[in-house]
Structures are given as structure tokens and as C-alpha cells.
Amino acid sequence: MHVVIIGNGIAGTTAARHIRKLSDCRITMISDESWQPFSRTALMYIFMGKLKLESTYLYEDWFWEKNRIDRVQARVREVNPAAKNITLGDGSVLSWDKLILATGSRPVKIGVPGENLPGVQHLYHLSDLDVLNRLSRGVECAVVVGGGLTGVELAEMLVSRGIRVTFMVREKGLMARQLTPEESNMAGRIIREHGVDLRFGMQIREIRGNGRVESVVTNDGLEIPCGLVGITTGVAPETGFLYGTGIETDSGLLVDEYLRTSVKDIYAAGDCAELRTPAPARRAVEPLWYTARAMGETVARNVCGNPEPYCQGIWYNSARFFETEYQIYGQVPATTPSGITSLYWEDSSGKKSVRINYDTATGAVTGFQTMGIRYRQQVCEHWIATGTHISGVLKNLSMANFDPEFYRRFEAAIRACRLS
Amino acid sequence: MLDPLSIFLRGRPADQWFLYGFSYTALVLAMGIRFMYKYRGNAYQQWRTVSVMFFQLVFSFLIPAWMMMMNQPEFYFSYFWPLKYEYLFPDTVGWFTGNYARTGVFLVFWGAVMSFIAVPLLTWYFGKRWYCSWVCGCGALAETVGDPYRSLSDKSLGAWKVERWMIHSVLLIIVLLTLLLWINSREQGTILGSYSLIFSKTYSFLIGSMFSGVIGTGFYPIFGSRVWCRFGCPQAAIMGIIQRRWSRFRITTNGGQCISCGNCSEYCEMGIDVKSYAQRGEDIVRASCVGCGICSAVCPRGVLKLENGTVSL
Ligand SMILES: Cc1cc2nc3c(=O)[nH]c(=O)nc-3n(C[C@H](O)[C@H](O)[C@H](O)COP(=O)(O)OP(=O)(O)OC[C@H]3O[C@@H](n4cnc5c(N)ncnc54)[C@H](O)[C@@H]3O)c2cc1C
Ligand code: SF4
């Protein structure tokens, strides 16, 4: 059997690794981006000089050789399900018995005039870093459009080069649709403290320039001069080259619970996949490192004939707003639904917080969200999965703390919040 | 120039050893303060650095000087066999107990108790970090002066293999040498004859000055800050075995939160590929880990925590 994997991101490499654990089949992994699978999440650290590109490689070279995973660096131009083969950029043809599409995302355009001017830049692929490196030289001011986590990272990257950044967010607060107001405010404060000019409720109408970006115009007609515009308004599944293959798509490649697409022997995993039936309170496309990795593992089992449904599990995520870490386990929606009580504690420094959501009627905890404090995933998930009562959780809260030794502990203060 | 200080501390003029000790300590203190500033938000790093600075200043500089002033042997309370391998050599033991009566007996006793009881016990409880990154003077220099070079340590599997061969060979040589010298002295020198002196002299030169001295610091900019601790220190080797097999100490990985960014491996001075464990959700239990805690400090997702034991649900 020959399994071909298109994409060597975390979904593709995880799939390859786990297929090798289960089977002796031939594995070929193709990507146009990089011969060495690397960590996309580390792009910012490479840009800021904290890491060399080689330090972000997922595995050492011997790993791929030892596990007999063939790597091909090429663009896949065409997929032909009937003949069970693919055509590469140079016209060569490769046949497969099972095909895994792990093509990830592509950054989306915002559709304003001037968007194609040199100096307007996305942050997704490795090649974007080279361009950003070149563009940021000699630039004094930049505008970042789009208030997601990638936007925050791009702002931090540019600030680290001494560039003054205007960070434009369409919503009324930072990540207002994902974050509860207190945490959103805290994140906004922290970003501002680092010198970023954070603007809410602001949209971009036009990008102006003569051969290169010179300014942006906002929806209120305000013109902001800048030498660089970073667009981080979001990503969409990378599926363009699959038109006409008969693979059913919506926004992504539609897959069933076994991560099978509508075409036999073709599977999809990672950012490019869209679940036909997502779990309650979960999205059909979740473009995240963690989900891509989990899907890679599941798709490997299914390809190797050990059918296993993809389980979205208990939601978790983590991120960073400059030096302040953020973690979430379970459900903590931006607006607390009725029937749920939200216990919130914030440190007087305004840089640490803990939020615990629980069912008002039964007391069962449903979610944890922390800023500037690390919590233990296994413990939080266990409490959520077993519906542990909030009193029990508060009593044993120190078990959840994952901060380094000698850090100040706040369990008593958090408990006191419930009483008040 | 340093004479007044030397006379004040040791009751005798400065010599090359005083100059060496003075510069060493001054460097540790100066670079230690820089290190504390760099990691100012991290309480573990603050305490650990205060501790190595304290032990360097007091136990490796002031107390040995003061003992000289008191006409006692120059003794380093924070070094034990096998790092200070000669402390348990028959010559040294004889010289201590012969020339310094009660103090000498105490020093030999201290050395033996530390080597065979305290070190194993503390290492079982806390991991070797209690010594390597909280007490040891070589560690003090590596953690402070060596900090800018920590990312230079080789993370490859090949380097790990070399490390295991080298460090365990050094340990074996010291254990054998110590045994040999004891047997030799019991047999009144009939085994080694006049070679025994040459034997231990050669060894001290090779290990003592070459390795911990020249390679230890001179090679920071080439192999990273902990070359000596990683490839050559017999004390680290012993504690490493205890840590790997029996200790409660581990670096815990926080579930599936790792994003494989590579910061932890990059800044590991011992050349441990921390990421390779973290990205698979595995805890890190490695003989070489000195528990400096930098992986935990630089991880952008709060994935790593140094722990004595595990949390059970
Ligand atoms: C700057 C940045 C920071 C991020 N930080 C986080 C974070 O902190 N936490 C988190 O959970 N997520 C984060 N993400 C998102 C995360 O990186 C993605 O969800 C994850 O990388 C998706 O993995 P994947 O394997 O599905 O796809 P990808 O990593 O996108 O890999 C797909 C690969 O397939 C290649 N490919 C696509 N089409 C073809 C073709 N036709 N022929 C050949 N090759 C092709 C692509 O070039 C790419 O190399 C971040 C993303 C970015 C951009
Ligand atoms: S620094 Fe943290 S997130 Fe990055 S590879 Fe290491 S454990 Fe994973």
C-alpha cells in the first residue's frame, strides 16, 4: 500500500508518524513549502531572533530516514481520484492507494483597494517571514489589521524591531467574540503597555501608495501613514487546487467522523478539513495546532484500517499576549450563558486572572480560563469531564496550579471570590 | 593590588590562587545579577541564582580563606568526592587527620557523609538540581557567565551518545582510581609503588585542570555553557544515575499544550531535546538535567514544570 500525504504541517507529519507505528506501508509526504517539517507556531520567534529555523524542525533528519517516510518538496497541481494519482508541479505523476489531504490554510484577503501593493503582507508561510524581514527594514510605522492571535503575534514581532504599530481591530474589544470582557480588557491593556497603538471599532477602507504602501485609510476617513501593512484577518482552508476532483467542499474539505472525504480512499485532516457533524459548542473548522495534531493521529488509524471516530474532546487552547500567557480548558464563552455562573478573580497587578465557569443549578464546573497563571490540563479536564462540584474544585484548586516553584499562589484569594 | 583584601580574608598576601578565586567569584556575582535582571519575573530563577551566588561567595571563597587564616586546611564544604576526588584519597585523609586533629577528622567525616548519604538522599528527593544549579561552583559559573552561550549545546542524538560514554567513563576511572589508591596504601604501596603518585598527579592534571578549567570555561562559546557538567563531571554522573532511576524529580509536560516551537530545546544548556518529549506529551526524566528551569521559563505555552513527584487525581 502506498499512502501519499499532501502537506507536511503538524497534521501531515503526525499522520505519517502514526501510520508508521501501525503499518509497514510506503509513505510519501509532499509539501511545496519546506523540505523539513517545521513549526509554524514558531515563526514569530524566528523573526525575533530567538530561534534559528533549524531549531523549529519537528524532528531530526534521522527520524524520517529511520521511519522510512519519504519527503518530496513539490507543489501538487492536480489530484486525480479516478486514476488514483496526483500530478506535481513539474508534471511528474505519483500514484497512491490512499491519499491524505493535510494542506492547511491560506490567509484570506480583505478585499480593499491597494491590497496588492508591495508592503502589504500576510503571516502564514515560511516565505512570508523573508518578505517581512525585507519589508520591515527602514520602516518606522506599521499597521496591523485584524485582531486575532496572529495579529497580536505580528504586532509583537514588529515592536521587537522598534517599529511603531497601529493595531486595528474591527470589534469593540480585543477578540471580543472569543474572550470574556475582563480578559479582553486585560489583554488590550498589556498590548498597549508595550507601545502598540490599539484601536477598536476601526476598519480599513483603502491602502494607498505609489509602488509601495504609504498609508491606509480607515472607514472614518482617517489616513494613517505607514510603510508596512500586516493583514491578519483570518485564514481559510487551502482547497483551491482540488476544484473539479469531485471532493465535496463547503468552506473546507467536508469529512465524516472517520475523516473521510466524499471520495473513496481520500481523507482530510488539519486546518483544511471541515467536520460534517461537529460536536456541540464546537466549530466545523478549527484551524489550530492542537486540533490538526489530533486529527493527524486519528486519520492515521483510519487509513490503516483501525476505524476510530475523531473525537473533539474537551476544548483547550493557549496563547500569549506579549509575555502574558493565556489558557482555556472547557467552555468559557465571551458572554456567560444563563444557567452558568462565572467566578472571576483578578490580581491587583491587573496581569493575572482565573475564571471558573460552573452550572448554577448543579455546581458542576464547565470551564477554566487563566491569564498569567498556568493551570494543569489533566486536572482541569478531569474536573470538567466528571462534572466536579465547584466547592470541591475550589478546595483542591492548588492541584490545578502549574506555575513554577516559588511563584506566589492565589488559591485563597480565588476561594474568597466565591464567598463575596 | 589584591593584597589588602587577601591579608584581611586569609592572613597572607595574594597569590595566583587568590586572584583566581577572586575573579571567579566576582564574575559569578556580576553575571548573576545580570541573570536575575533578565529573568526578573521568574521566582524560581531568582532564588536559584541567589543560592549559587551565596554558595560561591561564602562556601567557595570566604570560608576556605578564613580557614587558611585560622591555620586550618583550605577546605571546600560544598564539594565532595567524586568531584573533589582527592578528598577521599588515602593521602588526603591521612594528611587531614594527621595534621589537623579534630578538625581534620570532622572534615573527612563531613566529606564521607555528604558523598554517601546526603548526596543520594537529596538527589532522590529533589533531583540533582539541588546541587548542580543551586550549590555547585562550576554550575554557578555556567549559569551566570555561561548564560549567553546556553543555546550552543549540541541537541543531536549523536551528542547524547557521546555524552553518556564520556561521563560514565570518567566516573568509572575515578571510582577505580580511588579504590586502587586505597588498596595500594593498605598494602603499603606494594601495588603501584612510586607510580601511585604519578598516577594520581596525571589524573588530576587531565581532569582537574584540562577539563573543568580550560574546557569548562574556555569552550563555553563553542559547546555551550555546561560542557564540563555534561561530558566530564563525575559528581553529575553519579547524581544523574540516581535521578534517572530513582528520583522523584521530573519535568512534567502539561497535556497536549506543546506547539513544538523549540524554545525549550534551544535554551537547554545540557543539550536535552526537551521538545521531543514535550510534543509527544511525555514527561522528561533525563540523567543530565540539572533542573535550571529555563525550559519552563522560555516556553511560551506554559507546558513545562519542574516537579518533585506527580500530582495524582
Ligand atoms: C503565525 C501563526 C501562529 C500560530 N500560532 C498558533 C498557536 O499558538 N496555537 C495554535 O493552536 N495554532 C496556531 N497557529 C495555527 C496553526 O499553525 C495551524 O492550525 C496548523 O499549523 C495547521 O496545521 P496543518 O498541518 O493543518 O497545515 P499547515 O501547517 O498549513 O501545513 C500544510 C502544508 O501543506 C502545504 N500545501 C498546501 N497545498 C499544497 C499543495 N497543493 N501542494 C503541496 N503542498 C501543499 C502548505 O504549503 C503547508 O506547508 C498559528 C498559525 C500562524 C500562521
Ligand atoms: S517551549 Fe514549550 S511549546 Fe515550545 S516546544 Fe518546548 S514545550 Fe513545546
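Pick from A:264, A:109, A:66: which is most flexible by mean-square fluctuation in a GNM of chain A where alpha carbon atoms under 10 Å apart are linked?
Residue with maximal mean-square fluctuation among A:264, A:109, A:66: A:66.
Can you show me the helix-derived [θ] at 222 nm for chain A, built from DSSP H runs with n ≥ 4 at -39,500 (n - 2.57) apiece and divided by the number of residues, rounded to the nearest 500.
Estimated from H runs of four or more residues: -7000 deg cm²/dmol.
Projected onto the charge dipole of chain A (+1 at Lys/Arg Cβ, -1 at Asp/Glu Cβ, origin at the Cα centre), which of A:406, A:74, A:38 gives the Cα projection farthest towards the positive end?
Most positive-ward Cα: A:406.
Can you give the calculated 222 nm mean residue ellipticity of chain B, where each DSSP H run of n ≥ 4 adds -39,500 (n - 2.57) and the sum is split over every residue, rounded to the nearest 500 deg cm²/dmol?
-15500 deg cm²/dmol
Using amide H atoms built 1.01 Å from N in the peptide plane, name the residues 5+ places from residue B:249, or on other chains, whose amide H lies under 5 Å from its own.
Amide H neighbours of residue B:249, under 5 Å, 5+ apart: B:127, B:309.
How large is ³J(HN,Hα) for each residue in segment B:73-89, as worked out from phi by the Karplus curve 6.51 cos²θ - 1.76 cosθ + 1.60 (θ = phi - 60°), to whole Hz, x for Gly and Pro?
x, 6, 10, 9, 5, 9, 10, 10, 5, x, 5, 8, 4, 6, 4, 10, 6
Under a point-charge model restricted to the Cβ atoms of Lys and Arg (+1) and Asp and Glu (-1), what is the dipole moment magnitude of chain A relative to its Cα centre, in debye to the nearest 20?
Value, rounded to 20: 480 debye.
Given a cut-off of under 8 Å on Cα pairs at least six residues apart, what relative contact order in percent is computed for chain A?
14 percent
What's the extension gain from residue A:2 to residue A:53 if we count 0.36 nm per residue and subtract their Cα-Cα distance?
In short, 15.3 nm is gained.
Please list, in order along segment B:250-257, the HN-Hα scalar couplings obtained from phi with the Karplus expression 6.51 cos²θ - 1.76 cosθ + 1.60 (θ = phi - 60°), rounded to whole Hz, x for Gly and Pro.
Here the 3J(HN,Hα) series is 7, 9, 8, 9, 7, x, x, 6 Hz.
Which of rounded, prolate or oblate describes chain A when judged by the alpha-carbon gyration tensor and an a/c cut-off of 1.5?
oblate
Quick one: Debye curve from the alpha-carbon atoms of the protein assembly as shown only, equal weights, vacuum; give me log10 I(q)/I(0) at q = 0.05, 0.06 Å⁻¹ to two decimals.
With one equal scatterer per Cα and no solvent, log10 I(q)/I(0) is -0.32, -0.45.
For the charge dipole of the protein assembly as shown, defined by +1 on Lys and Arg C-beta atoms and -1 on Asp and Glu C-beta atoms about the Cα centroid, which residue among A:104, A:329, A:202 has the Cα displaced farthest towards the positive pole?
Towards the positive end, the residue furthest out is A:329.
Pull up all non-local amide H partners of residue A:274: gap of 5 or more, or a different chain, and H-to-H distance under 5 Å with H placed in the peptide plane.
For residue A:274, whose amide H was placed from the backbone, the distant partners under 5 Å are A:253, A:254, A:255.
For a quick size check, give me the Cα extents of segment A:170-248 along its three principal axes, largest first, whole Å.
50, 40, 23
Where in chain B are the helices, taken as whole DSSP H runs, whose Cα atoms extend 27 angstrom or more along the long axis and whose Kyte-Doolittle mean reaches at least 0.5?
For chain B, where a helix must reach 27 Å along its axis and average at least 0.5, the hits are B:16-38, B:157-186.
Can you spot the lysines whose alpha carbon is less than 25 Å from residue B:155's alpha carbon? Ignore those fewer than 8 places along the same chain.
Once the sequence-local lysines are set aside, what remains near residue B:155 is A:21, A:50, A:52, A:66, B:38, B:128, B:275, B:305.
I'd like to compare B:262-268, A:382-388, A:153-159: which one has the highest average count of other Cβ atoms within 10 Å, and what's the full order after that?
For the peptides B:262-268, A:382-388, A:153-159, the packing ranking is B:262-268, A:153-159, A:382-388.
Read phi for every residue in segment A:64-77 and hand back ³J(HN,Hα) as whole Hz from Karplus 6.51 cos²θ - 1.76 cosθ + 1.60, θ = phi - 60°, with x for Gly and Pro.
5, 5, 4, 8, 6, 10, 7, 10, 10, 9, 6, 8, 8, 8
To the nearest 20 debye, what is the magnitude of the charge dipole of the protein assembly as shown about its Cα centre, counting +1 on the Cβ of each Lys and Arg and -1 on the Cβ of each Asp and Glu?
Value, rounded to 20: 1100 debye.
Only four residue types carry charge here, +1 at the Cβ of Lys and Arg and -1 at the Cβ of Asp and Glu. Report the dipole size of segment A:316-419 about the Cα centre in Debye, rounded to the nearest 20.
160 debye
Starting from the Cα gyration tensor of segment A:136-209, take the square roots of the eigenvalues, sort them a ≥ b ≥ c, and report rounded, prolate or oblate (rounded when a/c is under 1.5, otherwise prolate if a/b is larger than b/c, else oblate).
oblate
Using only the Cα atoms of segment A:46-110, build the gyration tensor, take square roots of its eigenvalues as a ≥ b ≥ c, and label the shape rounded, prolate or oblate: rounded if a/c is under 1.5, else prolate if a/b is larger than b/c, else oblate.
oblate
Using +1 at the C-beta of Lys and Arg and -1 at the C-beta of Asp and Glu, which of B:23, B:111, A:14 has the Cα lying farthest in the positive direction of the dipole of the protein assembly as shown?
Result: B:111, furthest along the dipole toward the positive end.
Would you mind ranking A:303, A:145 by Cβ crowding within 10 Å, fewest neighbours first?
A:145, A:303
Laboratory data are not the source of any read-out in this text; all were calculated from the coordinates shown. It should be emphasised that the depicted structure is a prediction, and the values quoted were computed from it without experimental measurement. Quick reminder, even Gly has a Cβ in these numbers, built from the backbone with ideal geometry, and neighbours come from all protein chains shown.
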